[in-house]
Amino acid sequence: MTRTRATSLLNKTEMGLYDDSRANPLRRLDSAALRSRIERARKARDRARDLVQRPKPASRRRAGNQGGPGGTDRQRGRDKAELLAEILRRFEAQLKLARKREAAADKAAKATAKKATAKKATAKKATAKKATAKKATAKKATAKKATAKKATAKKATAKKATAKKATAKKATAKRADTPGTPRRRRRITPEQALENTRALLEAKQEQARRPKPWQSVGGDAADVPATGFQSTGAAQRAEALHAAEARLSAIQGSVGTRDRINQGKRDHRGDAGE
C-alpha cells in the first residue's frame, strides 16, 4: 500500500507506526522499542476491527445496501485494519530477529568475557610462577654467596692462624739460637731509674759546658761567652714575648693618665650643681 493511500486511512499517531515499520527505520529499532510499537499497533488494529464489525447506527441507516456510502466506509475500515495488521506483523518479525541478534551478542560477550577471564587467570598463574622462580633463584644465589663468603673467611682465618704460628715459631727459634739473650726482660727499680736520669743530666750539662766547634774559629777555643742574651735588643724582644704570652696588661703611661682623669673629676665635682 502506498503512502498516499495509508495517509488517507490512518491518523497522525498511526502514521508514525507506518513510518517506523518501513525497512530502514525498522532495522534501527531495538527490542524495547519494538515491544512498545507492537503494543501500540495491536491496540490500533483491534480498534479498527471492532469498528468494522460494529458499525455506527447512523452509518447503518444511511447505507441501506453494500453499494451505498455506508459500504464505502466499511471497506475503508477493512483496509485500515489490514494495513495495521501488516504493520503489526512487521514489528513482530523484526522483534524475533532482534532477539536472535541480542542472544548471539550476549553469547559472544559471555564467550569473550570467559576468554578474557581465562587469559587473566593464565597470566596471573604465569606471573606467580615467574615470581616464585625468581625468589627461588634469588634464595639459591644468596645461599651460594653466603657459603662462598664463609668459606673465604675460614680460609683467611686459617691462613692468618698459620702465619701467626709460623712467626711465633721463628721468633722462638731465633731466641733459642742467640747466645746470652735473656728470655725475660728484667724490670728496673725506681732507684735505678733515678740514677740513670742523673747520669744523663750530668752528661748533658757537661756537653753544654764544652765550647762549640764554631767558637774556636779565629780565636781561643777556651774563651766561652757568658750565658744569656746576645744583645740588649734580644733581651727586650724576649721580655715583650714573655709579656704577650703571659697576657700581662699594658701600663705604659696609663697609670698617670687615669690619675689625671680622676683628679679632674674631683676638681669639677660641684660644677654640675652650679
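For (1) under 30 Å from L29 (Cα atoms); (2) in a helix (DSSP H, G or I); (3) open to solvent by less than 50 Å² (accessible area, probe 1.4 Å), each residue gets a yes or a no:
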{"position": "K96", "(1), (2), (3)": "yes, yes, no"}
{"position": "D106", "(1), (2), (3)": "yes, yes, no"}
{"position": "K149", "(1), (2), (3)": "no, yes, no"}
{"position": "A156", "(1), (2), (3)": "no, yes, yes"}
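Return the residues of region 3-27 that are in a helix (DSSP H, G or I) and hydroxyl-bearing (S, T, Y); say none if nothing qualifies.
T4, T7, S8, T13, Y18
For the condition outside any helix (DSSP H, G or I) and modelled with pLDDT under 80, what is the one hit in R175, R258, R184?
Sole residue among the options that is outside any helix (DSSP H, G or I) and modelled with pLDDT under 80: R184.
Listed residues A126, A121, A85; which is surrounded by 10 or more Cβ atoms within 10 Å (Cβ to Cβ) and at pLDDT 90 or above?
Step by step, each of A126, A121, A85 is checked, and only A85 is surrounded by 10 or more Cβ atoms within 10 Å (Cβ to Cβ) and at pLDDT 90 or above.
The values are calculated or read from the model by the stated rules, or taken from the named source; none is laboratory data. Quantities reported herein were computed from a predicted structural model and do not represent experimental measurements. All Cβ positions, glycine included, derive from the backbone under ideal geometry; neighbour counts span all protein chains shown. These accessible areas exclude ligands, DNA and RNA; they are computed on the full protein's heavy atoms, side chains included. Shrake-Rupley method; radii C 1.70, N 1.55, O 1.52, S 1.80 Å.
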